[in-house]
Every structure is written in structure tokens, then in C-alpha cells.
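A short worksheet on the structure shown next.
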Amino acid sequence: MVQILQGKDITLAQLIDEFGLQLANDEDFFSEWQDDLPELSDLEKQSLNEVKTEYLHLSKYPILEPVVKMVMLSPLLSLAGFYQPPFYIASEQEVKISSEDEGTIIRGRIDILVFHPPFWVLVIEAKRADYSLVPAIPQALAYMLADATSAKPVFGFITNGNEFQFIKLTKQRTPRYALSYTLSLNRGDDLHTVVKVLKHLAHF
């Protein structure tokens, strides 16, 4: 009997059991989020400081997912260049992934998909501000596994407005993934680092 799961309900254990997903232990596996990051201009830094100030002001009240997308995520994608050629943006992109024996099917909708035909560049999951990023990791990985192209790695980006984390997935014989550190709006220049990583992934 075929088991149909919703992406938002998937667990890492299920992805490991059904799809053979493995955590990459090699430190060099996901170097893209740390090495060769571009510098930001003074104007870009100023824009990010304004984004941070606006978000912190609004966060005095509960911030739901649509506001996270509008106030935090949209400016970050713009500064990273994802609204310009050769990239396109899709929202609520429907995906379906089946295990090898087709005993399990995962269905769901990606919050935001950045793509450069024919490749997916970035799978983005946004959560409301008071949600942990932890449940978003298997959800993003499930959607990343649905990418039909296996020649290039797929990257994920999850945020609740206060915290940010990047994911890398490769899909050669065995799907492998790794996570960046969790970056925080309230720690130093982490928000600058987020845009630097996004810019780097845009040219990967």
C-alpha cells in the first residue's frame, strides 16, 4: 500500500529510511557557505542595517510567515541578485517525490523556488518568527530531493526571520546533505554573511 506523506510532516528518520539520505561528515562537503564569499558594498551594508532595524521594530508583535517573507526574505533575495537574469522565482511550487520502490510518496509545496532553467538553484522555506528552524530542515530536504537534475548540488535556505540556515544536497548514487551553522539576526554581522552566502550560491 502506498503511503502518502505531506512534506511539512516529514522527519529526517523517514528520509533516511525511505530515500537513503545520509549526513556528510566531510568538512569540505559544504564549503560554499564559508569559502570565497564576496564582499558587500557600503550601500548593501546600509540596506541590510535598515532591513534589520525594520524587522526588529515589527517583531515587538508576533510576526507571521507572510511578514517574514515580505520584510526579511524579499530584500535578502533582491540584494543577492535573484530577481535579475538569469534567475526566476516561483512561489508555492508543487512537488512530489517517490521512494525507489514507490512505497512512499511525499507531496508538498515549496515556499519559494529560485531557479535558472533547467536547474533549481535554491529551495527556500520560511517560517513564522516564533518557530524553530529544526522542523524546516527535513521539509526543505524532502523538496530538494524532488529536483530532477542530479548533476549539480541543490541548495536550501531556511529562515524564521531571526535565524538563518543553509543546506546542501547532492544526489549522486547516495543522496548526501550538510548544514551550515545557524546564523542569527542578533549576532554581529551574521545578516551580512547571509547575503554573502546567497550571492556566492547565485554564481555557483
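Looking at this model, which pairs from 69/199; 8/152; 168/199; 8/45 are more than 22 angstrom apart at the alpha-carbon?
Working: 69/199 18 Å; 8/152 25 Å; 168/199 15 Å; 8/45 34 Å.
8/152; 8/45, as the Cα separations exceed 22 Å there.
Distant-in-sequence amide contacts of residue 33, defined by a placed amide H-H separation under 5 Å and a gap of 5 or more residues or a different chain, comprise nothing. The convex hull drawn around the Cα atoms of the chain, when projected onto a plane and averaged over every direction, covers 11.3 nm². Taking every protein chain into account, the 1.4 Å probe leaves residue 141 with about 0 Å² of accessible area, to the nearest ten.
Leaving out ligands, DNA and RNA, what percent of the accessible area of segment 18-160 is carbon and sulfur, probe 1.4 Å? That fraction is 51 percent. Computed from label points 7 Å out along Cα-Cβ, the spacing between residue 172 and residue 46 is 4.6 nm. Each part gets one Cα centre, and for segment 1-79 versus segment 122-152 those centres are 8 Å apart. Helical runs (DSSP H, four residues minimum) scored at -39500 (n - 2.57) apiece and divided by the length of the chain put the mean residue ellipticity at 222 nm at -8000 deg cm²/dmol. Phi angles of segment 69-80 translate, via the Karplus equation with coefficients 6.51, -1.76, 1.60 and θ = phi - 60°, into HN-Hα couplings of 5, 6, 7, 9, 5, 4, x, 5, 5, 5, 5, 6 Hz per residue; Gly and Pro are given as x. Extension gain, residue 181-residue 88: 0.36 nm per intervening residue step, less the Cα-Cα distance, totals 30.8 nm. Looking at the chain, send over the antiparallel percent of its DSSP beta bridges, to the nearest 5. Roughly 70 percent of the DSSP beta bridges within the chain come out antiparallel.
Counting only alpha carbon atoms, the long axis of helix 190-202 and the longest principal axis of the chain meet at about 50°. By definition, a body whose alpha carbon gyration tensor gives a ≥ b ≥ c is oblate when a/c is 1.5 or more and a/b is not larger than b/c, and segment 1-86 fits this oblate description. Taking a ≥ b ≥ c as the square roots of the eigenvalues of the alpha carbon gyration tensor, segment 145-204 is prolate, as a/c is not under 1.5 and a/b beats b/c. Okay, which of segment 184-204 sit inside 16 Å, backbone N to the point 7 Å along the Cα-Cβ direction of residue 36? What the label zone holds, given the 16 Å backbone N cut-off, is 196-204. 3J(HN,Hα) couplings calculated from phi for segment 129-137 with the Karplus curve 6.51 cos²θ - 1.76 cosθ + 1.60 (θ = phi - 60°) are, in sequence order, 4, 8, 9, 6, 6, 4, x, 6, 5 Hz; Gly and Pro show x.
Relative to the longest principal axis of the Cα atoms of the chain, helix 42-58 runs at roughly 80 degrees.
Per residue, the chain exposes an accessible area of 52 Å² to a 1.4 Å probe, with every protein chain left in place. Annotation: average projected area of segment 82-164 is 6.0 square nanometres, based on the convex hull of Cα atoms across all directions. Computed over segment 50-199, relative contact order equals 19 percent, with contacts defined as Cα pairs under 8 Å that lie 6+ residues apart. Residues of segment 129-173 falling in the label zone of residue 11, defined by backbone nitrogen less than 16 Å from a point 7 Å along Cα to beta-carbon, are 134-139, 142.
The values are calculated or read from the model by the stated rules, or taken from the named source; none is laboratory data. Treat the numbers as computed from the prediction; the structure is a model and nothing was measured. Heads up, the Cβs are rebuilt from the backbone with ideal geometry, glycines too, and the neighbour counts pull from every protein chain shown. We work out accessible area using only protein heavy atoms, side chains counted, and drop any ligands, DNA or RNA first. Shrake-Rupley method; radii C 1.70, N 1.55, O 1.52, S 1.80 Å.
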